[in-house]
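Have a look at the structure below, then the notes.
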Amino acid sequence: CFHTSPRLGVSPPRSHARDAGAGEALGMGLVNEIDELRVYRVIQTCQLRNAPNVSEGSRIKDAPDFTVGDLFAVCHVKPSALEGSDNGPYLSLSNAYGWLFERKHNSAMSVRMPLERGLFAYKVSNKGVGLALRAHPTNRDEPELKFGYSHGLSAEETALGQVLYPHDHVVWGDARVTFEGVTYVRVQGTTGWLFSRRGENNVLVECVDADEVKRLSNPNGVGENQLALVDVRSDAIAIAGNAPGYAVHVPNEVVPEMLPLRDLRAMAKRHGLRESFFNQTSWVVSFVKDLGAGETGRVDVYYTTGTIGVTLRHHRELVRTQGFYPRCGIREVELLFKNPRDANVRGGYKRRRQHDGPFGNGNAVRTMGVYVENSSDTYADDEEMKLRGELRGLDGAMDDLRKQRESLVSLLRETEGSSRRGALLRMRRENEMREAAAKELAVQSKGSRWTIVNAMRDSHPALVQSLEANFTNVEHVALTERAFFVSRANGRCLFRGIHPDRAEEYFIGSIGSSGNTVPYYAMASDGRHFARHCSGASSWNGGDDDERFSELCADPNRAVARVAFGDPGSWFIVFENGRWEAKGVPDRMVDFVHANGSSPTEVSLGEDDTYFVRMTNGEFDFSLPRSCATVCRELANKGHALKNVALSPTNTTFGWLIRYE
């Protein structure tokens, strides 16, 4: 599921990061190597190196350039090995892809960005597509910047190693940085990044607890017990660099919250604690819990370090005592909020006496695992030995934390990966259903575009003018060499060349009537016709010698849906139930309809065995005049779907109209 670099775990530091950071803040330059997550912004275009130097010979071939404004994530910072060098520090990319640098020949190439640490919940909002993890804080699509990329991999191979988060999936981030209105979030347990915006679209939306939203901005905008979704917003960060002509200003890094305040407050509310004190300067928040029998307990949470202090009167004790629990996580907070007297929380100790500690009475030396004679007297107050003992203990604690982190990350991968795979399957099924529905809609569509043979612009100018004015609601078009008929979805119709008595009987009375059926008319040049009034009543004339046509139209058990007339004397009837019957039509047309297996939905007949037929499954077949067939093939080759071809039963070469989507 996750693909991470070997630097995913916490490794023992090569130096005391606090001292190195202090040196940088004082403008002294980086002296020791640092292992920590940082984000930099490029202020001069630079290229990746395969080693920590600025030599052109170390450039990685075919690697993408990092251009002005690009952000990149770093896991290791290394100073130049040459004293007084104008190059470096060198920056190892967090995806182990190569090295960049802050300065090259005393010219600034990149500047550090303010990074916020904590635990943040976001929801993917990219319907039908999801959001792919990036190796760096970017929304660019180059394969080299995708999560899981390695040297020599093709775009297809990179795609196989990508991590995709589906639409509506909740992801958790442990760091974020904002630049030019876009927030980039590092996904917890990985070295990959997601982004909040692409163009004008918000593709990642932060999930904010309702109480926090109420406290910060909108007291009346969010209900009590709901999770609010808000767009990611942050103050813009000014572009600054230390190239000639630029002022250097790197904002201080946001103080990381080992225990996020919003989670603490939500958890305290759930366990019946009330907030009694908050000091943003000393980074402490206090809660009070009623323990019953008039007793209360106070829980002080130092949320940047994870230390928790509990003040209460324990059993069999007459005075209140204070206990401390260092390096606590969310699980320990949950236990202490639920029961401040819980003895099963790891790491707890009571406030010690002045001379009773790990660094008193020579314990620092013993902690280091060595023995010096009379060490209790000689080294008890030795500040250096105390610090060395602290450092050794810190190294051991970091080793334990690294192992614990590896175990947690492994468990997180399994849990989150299973959830994400299920969501991806659901998204794919939804996409398939959406595509099937769109395909069905396209098949059922009557077509919103049309083209016509030029000769009809002269023979039927009123028809062309009507279609050019509005074609969106046209339901049916019928035409002959001298007449035409157009019906619309609103029940209105336009016609020319139809016998006046017939037109008045069938259609003039239907205009503006309250019937539910769209008027329909099919006709031939010899007087044959079929008409359906908007009330549903029908009338027809199949010719003097064609009793079968009249029988079919008069059958009360079969309602006529479509009729096509051809010359000489041919016809094709389609019924509402999908059945059909024909006379005198080409054998090829009949064979196609039989072989298709579905029902005809549109039919047209012309002279010299010309025809067009489309089935309910979208397939069609035709034998048309050369000019009409050429246009149909061109449209099909361009990806358009042919919906119908209205043909004049006589002089078909100069009487046709194509409808397509």
Review point. Within the stretch 456-486, how many residues are in contact with an Asp or Glu (Cβ under 9 Å, 6 or more places away or on another chain) and open to solvent by 10 Å² or more (accessible area, probe 1.4 Å)?
Key: 1
Practice item. Take the residues in the stretch 50-70 that are assigned to a loop (DSSP other than H, G, I, E, B), under 19 Å from Val111 (Cβ atoms) and of a type in the set (A, V, I, L, M, F, W, C), then tell me which one is least open to solvent (accessible area, probe 1.4 Å). Key: Val54
Exercise for review: Out of Asp587, Asp501, Asp526, report the one residue that is of a type in the set (Asp, Glu), open to solvent by 60 Å² or more (accessible area, probe 1.4 Å) and modelled with pLDDT under 80.
Suggested key: Asp501
Check your understanding: Do the conditions hold for Glu607, that is, is it assigned to a loop (DSSP other than H, G, I, E, B), surrounded by 16 or more Cβ atoms within 10 Å (Cβ to Cβ) and not aromatic (Phe, Trp, Tyr)?
Key -> yes
Exercise for review: Hey, can you tell me all the residues within the stretch 52-88 that are of a type in the set (A, V, I, L, M, F, W, C) and either free of Cβ contacts under 8 Å to residues at least 24 places away in the same chain or closer than 22 Å to Pro137 by Cα (or both)?
Suggested key: Ile60, Ala63, Phe66, Val68, Leu71, Phe72, Ala73, Val74, Cys75, Val77, Ala81, Leu82
Practice item. Determine the pairs where a residue that is of a type in the set (D, E, K, R) and assigned to a loop (DSSP other than H, G, I, E, B), located within the stretch 89-117, has a partner that is crowded, with 19+ Cβ neighbours inside 10 Å and modelled with pLDDT of 90 or more with Cβ atoms under 6 Å apart, the partner being 6 or more residues away or on another chain. Key: Glu102/Pro89; Glu102/Ser110
Revision key, fill the gap. A careful count of residues in the stretch 421-441 that are open to solvent by 100 Å² or more (accessible area, probe 1.4 Å) and farther than 21 Å from Gly639 by Cα gives 5
Check your understanding: Just for the stretch 97-129: of the residues that are crowded, with 21+ Cβ neighbours inside 10 Å and within 26 Å of Leu425 (Cα to Cα), which one is modelled with the lowest pLDDT?
Key -> Phe120
Check your understanding: Do you know which residues across the stretch 160-177 are more than 18 Å from Asp263 (Cβ to Cβ) and open to solvent by 20 Å² or more (accessible area, probe 1.4 Å)?
Key -> Leu160, Gln162, Leu164, His167, Asp168
Review point. Which condition does Glu416 not pass, out of (1) more than 30 Å from Phe654 (Cα to Cα); (2) open to solvent by 40 Å² or more (accessible area, probe 1.4 Å); (3) touching a residue at least 24 places away in the same chain (Cβ under 8 Å), if it passes all the others?
Key: (2)
Review point. Checking Val372 against (1) modelled with pLDDT under 70; (2) under 30 Å from Pro326 (Cα atoms); (3) surrounded by 12 or more Cβ atoms within 10 Å (Cβ to Cβ); (4) aliphatic (A, V, I, L, M), which test does it fail?
Key: (2)
Check your understanding: Tally time: how many residues in the stretch 269-313 are among the aromatic types (Phe, Trp, Tyr) and buried (at least 16 other Cβ atoms within 10 Å of the Cβ)?
Key -> 4
**Study point:** Residue tally, condition touching a residue at least 24 places away in the same chain (Cβ under 8 Å) and over 11 Å from Asp526 (Cβ atoms), over the stretch 567-580
**Key:** 6
**Study point:** the stretch 449-462 residues that are of a type in the set (Lys, Arg), paired with ones that are part of a strand (DSSP E or B) and open to solvent by less than 40 Å² (accessible area, probe 1.4 Å) (beta carbon under 8 Å, 6 or more apart)
**Key:** Arg449/Arg659; Arg449/Tyr660
Practice item. Out of Val563, Val574, report the one residue that is modelled with pLDDT of 90 or more, part of a strand (DSSP E or B) and closer than 16 Å to Phe485 by Cβ. Key: Val563
Review point. Considering only residues of the stretch 634-643 that are touching a Phe, Trp or Tyr at 6+ places or on another chain (Cβ under 7 Å) and closer than 18 Å to Thr610 by Cβ, which is surrounded by the fewest Cβ atoms within 10 Å (Cβ to Cβ)?
Key: Leu635
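The values are calculated or read from the model by the stated rules, or taken from the named source; none is laboratory data. Quick caveat: nothing in here was measured; it's all calculated off a predicted structure. Positions of Cβ are backbone-derived with ideal geometry, glycine not excepted, and every protein chain shown enters the neighbour counts. Accessible surface is based on the protein model in full, side chains and every heavy atom, while ligands, DNA and RNA are left aside. Shrake-Rupley method; radii C 1.70, N 1.55, O 1.52, S 1.80 Å.
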